[in-house]
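J.: Sharing a structure with you now.
The values are calculated or read from the model by the stated rules, or taken from the named source; none is laboratory data. None of these values were measured; they are calculated from a predicted model. Heads up, the Cβs are rebuilt from the backbone with ideal geometry, glycines too, and the neighbour counts pull from every protein chain shown.
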Amino acid sequence: MIRMKILLSNDDGVDASGILAAKQVADEFGETIVVAPSKQQSGIGHALTLVDPIRVNEVNLRDGDIGYGVTGTPTDAVTIAIYELMDEWPDLVISGINTGRNTGKGELSTSGTLGAASEAASLGIPAIAVSQHIPSDDIKFEEGKIEIDFSSSQKVLRDLIQKIIDNGFPEGVDILNLNVPENPHSYKPIICPLAVRMYEPVVEKRLDPRGRPYYWING
């Protein structure tokens, strides 16, 4: 069996349960390294930090292995992993498993999950962005309080990695954007175009204790 070098990152943070779920699958196929933002970075897209220093800290992952938390964006994490932390470039980059789907065209520019994958692809490294649908986006920001079952995404990811090992990526494709329903009726993959828009932004205005306005953007 081919043993791969697999880099895992995300935009939900190095401590997120989704990246551990992805690592559990990736560990079956080779040597893995987890390098991800040290905190939640959803919506950051493909941003690269150029004006601030970036620090990298070793972290104890939930499975007992060592990972790396980066005080920057998902793109920063992938860049530092490839150019500084890894002895050799990875054979595959997996970004996710993201809590929440990335099925709209708007996510191409806003999703940090897709940003990490596209950074790898820009370097010629095959990448998979994995996202799982959740019933409410509020769950995404309740990490540690709500248990999320990623077993469906793990199964689909496992099957996909094996197909990549057997057949390689489709010709002309360097990123696979994998989106998995919370409770799929079938595990048969469907290739489909992105939706035009998956959410409508909501701008919520609030006042601080001094009466000055500030804003939250929700989708």
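J.: Given the conditions (1) touching a helix residue (DSSP H, G or I) at 6+ places or on another chain (Cβ under 9 Å); (2) in a helix (DSSP H, G or I); (3) more than 17 Å from LEU160 (Cβ to Cβ), and given that GLY18 satisfies all but one, which numbered condition is not satisfied?
T.: GLY18 satisfies every listed condition except (3).
J.: Still on this structure, I have one more. Residues LEU50, LEU108, LEU7: which one is modelled with pLDDT of 95 or more and in contact with a helix residue (DSSP H, G or I) (Cβ under 9 Å, 6 or more places away or on another chain)?
T.: Testing whether each residue is modelled with pLDDT of 95 or more and in contact with a helix residue (DSSP H, G or I) (Cβ under 9 Å, 6 or more places away or on another chain) leaves just LEU7.
J.: Taking the range 37-80, which residues are without any contact (Cβ under 8 Å) to a residue 40 or more places away in the chain, surrounded by 15 or more Cβ atoms within 10 Å (Cβ to Cβ) and touching a Phe, Trp or Tyr at 6+ places or on another chain (Cβ under 8 Å)?
T.: Across the range 37-80, the qualifying residue is only VAL56.
J.: Counting just the residues of the range 165-189 that are hydrophobic (A, V, I, L, M, F, W, C) and under 20 Å from the mean Cα position of the chain (by Cα), which one comes out surrounded by the fewest Cβ atoms within 10 Å (Cβ to Cβ)?
T.: Of everything passing the filter in the range 165-189, VAL173 is surrounded by the fewest Cβ atoms within 10 Å (Cβ to Cβ).
J.: Evaluate the following for ARG101: is it under 28 Å from GLU182 (Cβ atoms) and crowded, with 19+ Cβ neighbours inside 10 Å?
T.: yes
J.: Looking at the range 2-12, which of its residues are touching a residue at least 60 places away in the same chain (Cβ under 8 Å) and surrounded by fewer than 22 Cβ atoms within 10 Å (Cβ to Cβ)?
T.: Within the range 2-12, ILE2, MET4, LYS5 qualify.
J.: Shifting gears a bit: May I ask you to say which residue of SER152, SER186 is modelled with pLDDT under 85 and either assigned to a strand (DSSP E or B) or of a type in the set (Gly, Ala, Ser) (or both)?
T.: The conditions single out SER186.
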